[in-house]
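The values are calculated or read from the model by the stated rules, or taken from the named source; none is laboratory data. Quick caveat: nothing in here was measured; it's all calculated off a predicted structure. Every residue, glycine among them, receives a Cβ derived from its backbone with ideal geometry; neighbour counts consider all protein chains shown.
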Amino acid sequence: MGTHQPQKELFNYQVNLDKRVRADHPLRRINAILDLSFVYPAVEPFYGKNGHVGTDPVILVKMLLLLFLDNVASERELMAVIRERLDYLWFLGYGLDDEVPNHSVLSKARARWGEEVFRDLFVRTVQQCVAAGLVDGRKLHIDSSLVRADASKDSVVKDSPEVIAALRQAYAVEEQKLEERPSTAVNATHLSTTDPEATLARGGGTPVSQLSYKHHRVVDDAQGVITAVQTTTGEVGDAAQLPALVTEHESNTGATAATVVGDKHYGSASNYRYCQMQNITAHLGQAEAYNSQGIFAVSAFVYESEQDRYRCPAGHYLYYHNYKKDDQLIQYQIEDAALCAGCALRAQCTRSRSGRTVTRPIFSELVEAGRAQSQSEAARRDRARRKHIMEGSFADASNNHGFKRARWRRLWRQQIQDWLIAAVQNLRILMKKGGKLAGEASATSSLAITWIARSICALLSLRSPSPQRTT
């Protein structure tokens, strides 16, 4: 039995990191498929010709990928872990004695470069998945999820809209002094002094509002590749993001969307109208027949196009009242409020003293066509599949890549985080399924060739004369 006697070596010239990292290591596969040559020309305008030589920008991008790939707790911890892990050193191109930079270089690089480099990184992962046959592009699923901001709710101050506007303007002035990016509009009466762009929002079954951002994403139906990403403040509605996400999906994949699948938050009149005008099948959810207050939905009223009026469930008529240009809605209201006051169905119809008001979107025939598509059996199957695809994508991001909590403050930094997480998820899909699909295609081709060869031989044998038997 041997006993090892540990002893530090003064010199070692035989350390080869390439031999220390196993052949099937995930970082080897990422390094093989990831092309970061675009980073150099993209960031070159942000560097000078003289002075201190900065860290290689490709190495910085790889460090940020490692940060989210393995969900390392912080950038400071990442720099400490790099010194201890041979696979990290190999992936970054470092040797055992190379100096690892300070963690502050990552935050300085983000502030210097802006968002475009990270957006290009995400788009390139989408394009690689397209080239590998992992993206169909015709059917896309859309959803959103709240991301908790890196700020305490105790930092929120509440005041009048005028005071909050003055505070926001003061923060914008200080940001310009610090060469920070200006903030965008947030809640009118609430403001976080820690992260002014984070807004109070509640979702996902959470009973208490939290300072949040909102992540919107499009996932392709074929293999779950993330093809479009948008980041907004937490108060922004889901429905308004659909057109921009569809446009980004088509730009990133080069494919034309044929079907959009979403839940009831996306089933707005403007989205139905947009889908019909773009020749896209709308498999979007719809609101219930009664709203949360137990009031009749618009579908309970019958529109009479010749008279341009609505007939309520009690048989009374609502006529043109107003046009809301911003929302592209036409309002109809009952002319005699006394009819509503004495109606037996009033408790189920309205709480307003002036009587019930109904809105109709312009180009309502397009809206009704979209709603009819959303009620089909194919739409119900797609929405059931959407739960599996979208919840699986968000769960993977949350469990493996720290998706549900913002690492940095301000909207533009959160956008960078969302792009990096989506890029990492796409790279993992590309590693897992890219080679498999290529192998399946090759095997299918081989089977087809074998089947054709056998068919030809069978045909030839049928046509050839049978041999004569001799005695």
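Residue count for region 393-418 under the criterion of being aromatic (Phe, Trp, Tyr), surrounded by fewer than 22 Cβ atoms within 10 Å (Cβ to Cβ) and under 23 Å from residue 140 (Cβ atoms): the result is 1. Kindly indicate whether residue 386 is charged (D, E, K, R), surrounded by 17 or more Cβ atoms within 10 Å (Cβ to Cβ) and either assigned to a helix (DSSP H, G or I) or more than 19 Å from the chain's Cα centre (by Cα) (or both). In short, yes. Residues in region 280-293 that are among the polar types (S, T, N, Q) and surrounded by fewer than 19 Cβ atoms within 10 Å (Cβ to Cβ) were compared, and the one that is modelled with the highest pLDDT is 286. Note on region 30-83: residues that are at positive phi and touching a residue at least 24 places away in the same chain (Cβ under 8 Å) total 1. In the set 229, 260, 246, only one residue is under 23 Å from the mean Cα position of the chain (by Cα), closer than 19 Å to residue 367 by Cα and part of a strand (DSSP E or B); that residue is 260. Evaluation of residue 423 against the conditions (1) surrounded by fewer than 22 Cβ atoms within 10 Å (Cβ to Cβ); (2) at pLDDT 95 or above; (3) among the hydrophobic types (A, V, I, L, M, F, W, C) shows that the sole unmet condition is (1). Only one of the numbered conditions (1) surrounded by 15 or more Cβ atoms within 10 Å (Cβ to Cβ); (2) under 24 Å from the mean Cα position of the chain (by Cα); (3) assigned to a helix (DSSP H, G or I) is not met by residue 107, and that is (1). On inspection, residue 283 qualifies as closer than 30 Å to residue 387 by Cα, touching a residue at least 24 places away in the same chain (Cβ under 8 Å) and part of a strand (DSSP E or B). Considering 140, 78, 134, the condition of being at pLDDT 95 or above and farther than 30 Å from residue 266 by Cα is satisfied by 78 alone. Condition check for residue 40 on (1) outside any loop (DSSP other than H, G, I, E, B); (2) buried (at least 18 other Cβ atoms within 10 Å of the Cβ): one failure, at (2). Residue 252 meets each of the listed conditions (1) outside any strand (DSSP E or B); (2) at pLDDT below 90 apart from (2).
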